[in-house]
Amino acid sequence: MTTKEQPETFIFDFDSTFIQVEALDILCETIYEKSTAGKQVLAEIQRLTNLGMEGKLSLKESLTKRIELLQANRDHLGSVIEVLRNKVSASVIRNRSFFKQHAENIYIISNGFKEIIIPIVQEYCIKPEHVLANTFKFDHEGKIIGFDEKDELCENQGKVRKIKSLHLEGEAIMIGDGYTDYETLQGGAVSKFYAFTENVSREVVVSKADRLAPSLDEILYDLSYKASVSYPKNRISVLLLENIHPDALRIFEHEGYNVETIKGALSEEELCEKIKDVSILGIRSKTQVTQKVLDHANKLHAIGTFCIGTNQVNLDACCKKGVAVFNAPYSNTRSVVELAFGEMIMLVRNTFEKSTKMHKGIWDKSASKSMELRGKKLGIVGYGNIGTQLSILAEALGMKVYFYDVVDKLALGNAKKCSSLKELLALSDVVTLHVDGRKSNNLLIDAKAFEYMKDGVVFLNLSRGHVVDIQALIANLKSGKVRGAGLDVFPDEPGSNDEPFESELRDMPNVILTPHIGGSTEEAQLDIGHYVAQKIIQYINTGTTYGSVNLPEIQLPELQSAHRIMHVHENVKGILAQINTILSQYDYNILGQYLKTNESLGYVITDIDNLHNIDLEKELKEIPSTIRYRILY
């Protein structure tokens, strides 16, 4: 914690601030156990609560009416307290050590009731005498018949008067979600007010507050106190482009990140402007992350390509900035394979010609140009995740499988490896491309490649648009050399659904054109959204790079009772020794240390048990060849 002449006093509201809910709502649910009558009572209690919180109803009137509606008994309170113990706000739980360390300077003030509040806040080291709240009145049978109306907290401006009566020294800081909490600043009882929005956001309060607090982490960070996290999650900005699955959005928002979504892709200039304060960028295949874009990315930590490929990202430039890149290499494999088989069957059966005639009223029942896949030779160019699964299923359909890959791959089942692309093309009745987007694959299938193919070949490209010479394909379709083709990818594709698709392939017979939807199934997009989002969150929260396509991969244990220093640097000798020398000079105890390198980068993770200090951080950042430094606690 930063040294202060006079420590601040923190004053927390209870309902919807210290805890996630309104305690009287839970009391109502306990009494009526979700009966029809209980739902009506609860709705009215919530209405009265909101009117009081928004300053539209006097507190005494609000409390009186709610107590009358409840018909509660002392025996109900134990059950309510047990429920509320599990409803403490997430950021309060994360910062339990803060409450313990600063117990002398923390108060709870509430228009609620001590009988409920004290048992819960005591578990966070808050003193009972520091709980400023109303008290119930009970009759001889234990029925709650009212409250102490002499206590100023049940009056309007009660919180203001109660805080002033404490005669606190130094600065007093109010944290709450309601209008009565804001009044403590307006009435001069405190010097700062944070509108706490982690659980509920009240427009009448937010509009007046000059400080918004999506979490306690944000408040402690703003005031230079030691929080449970190194950086408030609400300050981590996420930009998701190209209709990434809504589940990814929900995952990031649930983590507490600040998320913006844009349906389409952005141009280089647009992305340069948008990315300036972005910490996490999520894209699919259309958005290009260039050197120029990265030069404008002042806060970028990670990029998620919510698809298989990463050729749309300048990985070398990301390495030089220490930006981790994650993709989803397996999540849409099945979807692409199923589309490939669907197109193969439609093309070899000449289904579209028959369908077109039927729509015109022509009944052409013949077997001409209609064949089975069984017994045909399938040539797979690219034997990666998609190619291998395609191989297995093709054999199950009775096809003979051949494959070619520049990397030596083990054949699955009865598939046969070809020694050259030319050999595969000459053998195959059906050719399907499943290569990646590397530059060497540009125009892999050109006019010469089509010459090698059999007459009447069926041709599929569900990989990358630039790997096929489109003019050569058109010429071979017109000549009949290629009897049918299915294309899901193109050299030039629209940036969004609002732009038209222009191509000479349009209206050609027996050609299936699909708008880059190989991986666009609900199942695949859901899996991709989950996979990539979780990988990025794991990296941000723990430093784990497992699954990164550019940073050295390290699978780290959970961070427990330690500070984690993450140091990304150029892969040169002596960095680890320099890190340990600096830590030794500051007398730090190393609890765990992990090192991994690749051809260009080194990644050192060190867990230490002491509090960090600015001088140490400065020295670690100034080690020659350092690319990026980060600390977690």
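The values are calculated or read from the model by the stated rules, or taken from the named source; none is laboratory data. As the structure is a prediction and not an experimental result, all values here were calculated from the model. Note: ideal-geometry Cβ built from the backbone for every residue, glycine included; neighbour counts use all protein chains shown.
Looking only at the range 603-633, which residues are at pLDDT 95 or above, within 20 Å of ALA302 (Cβ to Cβ) and over 26 Å from the mean Cα position of the chain (by Cα)?
Residue satisfying the conditions is THR626 alone.
Within the range 385-399, is there a residue that is crowded, with 22+ Cβ neighbours inside 10 Å, within 25 Å of ALA475 (Cβ to Cβ) and touching a helix residue (DSSP H, G or I) at 6+ places or on another chain (Cβ under 8 Å)?
No, the range 385-399 contains no residue that is crowded, with 22+ Cβ neighbours inside 10 Å, within 25 Å of ALA475 (Cβ to Cβ) and touching a helix residue (DSSP H, G or I) at 6+ places or on another chain (Cβ under 8 Å).
For the range 556-592, how many residues meet the condition of being assigned to a strand (DSSP E or B) and within 21 Å of HIS301 (Cα to Cα)? It would help to see each step written out before you state the result.
The first filter runs over the range 556-592 and keeps only residues assigned to a strand (DSSP E or B), leaving 563-570, 590-592.
Okay, now just the ones that are also within 21 Å of HIS301 (Cα to Cα), so 563-570.
Count: 8.
Looking for whichever is closer than 23 Å to SER355 by Cα, part of a loop (DSSP other than H, G, I, E, B) and not small (Gly, Ala, Ser) here; the options are PRO494, PRO515. Which one fits?
Values: PRO494 fails: closer than 23 Å to SER355 by Cα.
Testing whether each residue is closer than 23 Å to SER355 by Cα, part of a loop (DSSP other than H, G, I, E, B) and not small (Gly, Ala, Ser) leaves just PRO515.
Of the residues LYS192, LYS159, only one is surrounded by 16 or more Cβ atoms within 10 Å (Cβ to Cβ), closer than 21 Å to LYS56 by Cα and among the charged types (D, E, K, R); which? Outline the logic, then answer.
Details: LYS192 fails: closer than 21 Å to LYS56 by Cα.
Only one candidate qualifies: LYS159.
Of the conditions (1) surrounded by fewer than 16 Cβ atoms within 10 Å (Cβ to Cβ); (2) assigned to a helix (DSSP H, G or I); (3) of a type in the set (Asp, Glu); (4) assigned by TED's automatic domain parsing to the domain that holds ASN510, ASP364 fails just one. Which one is it?
Only one criterion in (1) surrounded by fewer than 16 Cβ atoms within 10 Å (Cβ to Cβ); (2) assigned to a helix (DSSP H, G or I); (3) of a type in the set (Asp, Glu); (4) assigned by TED's automatic domain parsing to the domain that holds ASN510 is unmet by ASP364, namely (2).
Got a sec? Which of TYR257, TYR231 is among the aromatic types (Phe, Trp, Tyr), surrounded by fewer than 18 Cβ atoms within 10 Å (Cβ to Cβ) and either closer than 27 Å to GLN312 by Cβ or out of contact with any Cys (no Cβ under 6 Å at 6 or more places or on another chain) (or both)? Give the derivation first.
On the way: TYR257 fails: surrounded by fewer than 18 Cβ atoms within 10 Å (Cβ to Cβ).
It is TYR231.
Surrounded by 15 or more Cβ atoms within 10 Å (Cβ to Cβ) and not hydrophobic (A, V, I, L, M, F, W, C): does that describe PRO557?
On the way: surrounded by 15 or more Cβ atoms within 10 Å (Cβ to Cβ): no; not hydrophobic (A, V, I, L, M, F, W, C): yes.
Against the criterion (surrounded by 15 or more Cβ atoms within 10 Å (Cβ to Cβ) and not hydrophobic (A, V, I, L, M, F, W, C)), PRO557 does not qualify.
Suppose we filter the range 317-361 for residues that are in contact with a Ser or Thr (Cβ under 7 Å, 6 or more places away or on another chain) and surrounded by fewer than 15 Cβ atoms within 10 Å (Cβ to Cβ); how many remain?
0
One residue is enough: does the range 515-522 have a residue meeting the conditions touching a residue at least 60 places away in the same chain (Cβ under 8 Å) and either under 30 Å from ASP609 (Cβ atoms) or surrounded by 21 or more Cβ atoms within 10 Å (Cβ to Cβ) (or both)?
The answer is yes; a qualifying residue exists.
Which helices (runs of 4 or more DSSP H) sit wholly inside the range 61-157 and have at least 1 residues that are of a type in the set (A, V, I, L, M)? Walk me through it before giving the result.
Working: elements: 74-85, 90-94, 96-101, 114-121.
Hits in the range 61-157: 74-85, 90-94, 114-121.
Among what's in the range 450-472 and is of a type outside the set (Val, Ile, Thr) and more than 43 Å from the chain's Cα centre (by Cα), pick the residue that is nearest to PHE341 (Cα to Cα). Can you show your working first?
Taking the range 450-472 and keeping what is of a type outside the set (Val, Ile, Thr), we get 450-456, 459-466, 469, 471-472.
Checking the rest, the ones that are also more than 43 Å from the chain's Cα centre (by Cα) come to 450-456.
Values: PHE450: 21, GLU451: 24, TYR452: 23, MET453: 20, LYS454: 20, ASP455: 21, GLY456: 18 Å.
The qualifying residue nearest to PHE341 (Cα to Cα) is GLY456.
Going by the conditions given, is ASP455 more than 23 Å from THR310 (Cβ to Cβ), without any contact (Cβ under 8 Å) to a residue 60 or more places away in the chain and in a loop (DSSP other than H, G, I, E, B)? First the steps, then the outcome.
Details: more than 23 Å from THR310 (Cβ to Cβ): yes; without any contact (Cβ under 8 Å) to a residue 60 or more places away in the chain: yes; in a loop (DSSP other than H, G, I, E, B): yes.
For ASP455, the condition - more than 23 Å from THR310 (Cβ to Cβ), without any contact (Cβ under 8 Å) to a residue 60 or more places away in the chain and in a loop (DSSP other than H, G, I, E, B) - is met.
Conditions first: (1) surrounded by 21 or more Cβ atoms within 10 Å (Cβ to Cβ); (2) touching a residue at least 60 places away in the same chain (Cβ under 8 Å). LEU526 passes all but one, so which condition is the exception?
(1)
Given the conditions (1) at pLDDT 95 or above; (2) within 21 Å of ASP488 (Cα to Cα); (3) touching a helix residue (DSSP H, G or I) at 6+ places or on another chain (Cβ under 9 Å), and given that SER428 satisfies all but one, which numbered condition is not satisfied?
(3)
For the range 458-514, give me the residue count where each residue is without any contact (Cβ under 8 Å) to a residue 40 or more places away in the chain, in contact with a Ser or Thr (Cβ under 9 Å, 6 or more places away or on another chain) and under 20 Å from LEU390 (Cβ atoms).
Here the count works out to 4.
Tell me the residue from LEU412, LEU424 that is closer than 30 Å to GLU353 by Cα and either among the charged types (D, E, K, R) or in contact with a strand residue (DSSP E or B) (Cβ under 9 Å, 6 or more places away or on another chain) (or both), please.
Values: LEU412 fails: closer than 30 Å to GLU353 by Cα.
Answer to the selection: LEU424.
Which of the following residues is closer than 29 Å to GLY264 by Cα and among the β-branched types (Val, Ile, Thr): ILE590, ILE517, ILE579? Break it down into steps so the answer makes sense when it comes.
Details: ILE590 fails: closer than 29 Å to GLY264 by Cα; ILE579 fails: closer than 29 Å to GLY264 by Cα.
One residue alone meets the criteria, ILE517.
Pairs needed: first member in the range 564-592, touching a residue at least 60 places away in the same chain (Cβ under 8 Å); second member anywhere, hydroxyl-bearing (Ser, Thr, Tyr) and surrounded by 15 or more Cβ atoms within 10 Å (Cβ to Cβ); C-beta distance under 6 Å; at least 6 residues apart or different chains.
Matching pairs, first to second residue: ILE565/THR606; HIS567/TYR629; VAL568/TYR603.
Residues are listed down the side, and each one gets a yes or a no for (1) outside the structural domain of ASP181 (by TED's automatic domain parsing); (2) over 29 Å from ALA562 (Cα atoms):
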| residue | (1), (2) |
| --- | --- |
| ASP210 | no, yes |
| PRO214 | no, no |
| SER237 | yes, no |
| LEU240 | yes, yes |
| ALA248 | yes, yes |
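Given the condition under 35 Å from the mean Cα position of the chain (by Cα), among the acidic types (Asp, Glu) and assigned by TED's automatic domain parsing to the domain that holds ALA23, answer yes or no: does some residue in the range 112-133 qualify? Working first, answer last.
Of all residues in the range 112-133, those under 35 Å from the mean Cα position of the chain (by Cα) come to 117, 120-126.
Now narrow it down to the ones that are among the acidic types (Asp, Glu): 123.
Restricting the remaining residues to those that are assigned by TED's automatic domain parsing to the domain that holds ALA23 gives 123.
Taking every residue of the range 112-133 in turn, at least one turns out to be under 35 Å from the mean Cα position of the chain (by Cα), among the acidic types (Asp, Glu) and assigned by TED's automatic domain parsing to the domain that holds ALA23.
Out of the residues in the range 412-435 that are assigned to a loop (DSSP other than H, G, I, E, B) and of a type outside the set (A, V, I, L, M, F, W, C), which is nearest to the chain's Cα centre (by Cα)? So that I can check it myself, show each step before the final result.
Residues of the range 412-435 that are assigned to a loop (DSSP other than H, G, I, E, B), as a first pass: 412-415, 418-420, 428-429, 434-435.
Those still in the list that are of a type outside the set (A, V, I, L, M, F, W, C) too: 413-414, 419-420, 428-429, 434.
Numbers: GLY413: 38, ASN414: 41, SER419: 43, SER420: 43, SER428: 43, ASP429: 44, HIS434: 29 Å.
Restricting to residues being assigned to a loop (DSSP other than H, G, I, E, B) and of a type outside the set (A, V, I, L, M, F, W, C), the top hit is HIS434.
Results for (1) out of contact with any strand residue (DSSP E or B) (no Cβ under 9 Å at 6 or more places or on another chain); (2) modelled with pLDDT of 95 or more; (3) within 23 Å of ILE280 (Cα to Cα), shown as yes or no for each residue.
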| residue | (1), (2), (3) |
| --- | --- |
| ARG464 | no, no, no |
| LEU477 | no, yes, no |
| ALA485 | no, yes, no |
| GLU504 | yes, no, no |
| GLN525 | yes, no, yes |
| GLY543 | no, no, yes |
| SER561 | no, no, no |
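Among the numbered criteria (1) within 28 Å of the chain's Cα centre (by Cα); (2) aliphatic (A, V, I, L, M); (3) farther than 19 Å from GLU104 by Cα, which single criterion is violated by ILE144?
All conditions are met except number (1).
Of all residues in the range 595-626, count the ones that are assigned to a strand (DSSP E or B) and surrounded by fewer than 17 Cβ atoms within 10 Å (Cβ to Cβ).
In the first step, residues of the range 595-626 are kept if they are assigned to a strand (DSSP E or B); the result is 595-597, 601-608, 626.
Subset that is surrounded by fewer than 17 Cβ atoms within 10 Å (Cβ to Cβ): 595-597.
Number satisfying all stated conditions: 3.
Taking the condition of being free of Cβ contacts under 8 Å to residues at least 40 places away in the same chain, closer than 21 Å to PRO552 by Cβ and touching a strand residue (DSSP E or B) at 6+ places or on another chain (Cβ under 8 Å), how many residues in the range 596-629 meet it?
Total meeting the criteria: 2.
Condition test on LYS369, is it within 20 Å of ASN510 (Cβ to Cβ), assigned to a helix (DSSP H, G or I) and not β-branched (Val, Ile, Thr)? Break it down stepwise before answering.
Details: within 20 Å of ASN510 (Cβ to Cβ): yes; assigned to a helix (DSSP H, G or I): no; not β-branched (Val, Ile, Thr): yes.
So LYS369 fails the test.
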